[in-house]
1. Quick check: anything in segment 64-87 farther than 24 Å from residue 104 by Cβ and of a type in the set (A, V, I, L, M)?
2. Out of everything in segment 51-83 that is closer than 14 Å to residue 16 by Cα and small (Gly, Ala, Ser), what residue ends up being nearest to the chain's Cα centre (by Cα)?
3. Might you check whether a residue that is of a type outside the set (Ser, Thr, Tyr) and touching a residue at least 60 places away in the same chain (Cβ under 8 Å) occurs anywhere in segment 86-108?
4. Could you list, in sequence order, the residues of segment 21-46 that are more than 18 Å from residue 5 (Cα to Cα) and surrounded by 15 or more Cβ atoms within 10 Å (Cβ to Cβ)?
5. Sort through 37, 110, 7 and tell me the only one that's modelled with pLDDT of 95 or more and polar (S, T, N, Q).
6. Among the residues of segment 47-69 satisfying the criterion of being in contact (Cβ under 8 Å) with a residue 40 or more places away in the chain and hydrophobic (A, V, I, L, M, F, W, C), which is surrounded by the most Cβ atoms within 10 Å (Cβ to Cβ)?
7. So for segment 89-102 (the condition being surrounded by 13 or more Cβ atoms within 10 Å (Cβ to Cβ), within 15 Å of the chain's Cα centre (by Cα) and of a type in the set (S, T, N, Q)), does at least one residue qualify?
8. Return the residues of segment 8-20 that are of a type in the set (Phe, Trp, Tyr) and surrounded by fewer than 20 Cβ atoms within 10 Å (Cβ to Cβ); say none if nothing qualifies.
Amino acid sequence: MKPMDHSTACLLLDFYGHLLPARAREMLDLHVQEDLSLGEIADHLGVTRQAVHDGVRRAMDHLRRLEDELGLAARFLEQRSEIAAAIDALDRGQADEAAGRLKALLARISG
């Protein structure tokens, strides 16, 4: 699998981190959110660097699979983008465009 950028890793951890085993979540949180190296995490947890590497890789793979199946993070990003576009339209004095975007978004998320 291709490497994941930091912001995507953070987003997936926010959405799906609670579904990981506690130890995997802790390793991934220390690596992604706290920006600790694998060696620093290994020292902190009293395990080998290889164990941390494997744990982080498995956890990220699991988060990717969850996103592939559920798509919650992608849907969130799409909705955030639509809201930003509506705000931009309001800033430009285009209230009708903003209202149309927001109504369309509401229709999509309402089912």
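1. Yes, segment 64-87 contains a residue that is farther than 24 Å from residue 104 by Cβ and of a type in the set (A, V, I, L, M).
2. 73
3. no
4. Matches in segment 21-46: 24, 26, 40, 41, 42, 45.
5. One residue alone meets the criteria, 37.
6. Applying the filter and picking the extreme gives 63.
7. Checked segment 89-102: no residue is surrounded by 13 or more Cβ atoms within 10 Å (Cβ to Cβ), within 15 Å of the chain's Cα centre (by Cα) and of a type in the set (S, T, N, Q).
8. Step one: of segment 8-20, the residues of a type in the set (Phe, Trp, Tyr) are 15-16.
The one that is of a type in the set (Phe, Trp, Tyr) and surrounded by fewer than 20 Cβ atoms within 10 Å (Cβ to Cβ): 15.
The values are calculated or read from the model by the stated rules, or taken from the named source; none is laboratory data. The shown structure was predicted, so the numbers you read here are calculated from the model rather than taken from an experiment. Methodologically, a virtual Cβ is constructed for each residue, glycine included, from the backbone with ideal geometry; neighbour enumeration extends over all protein chains shown.
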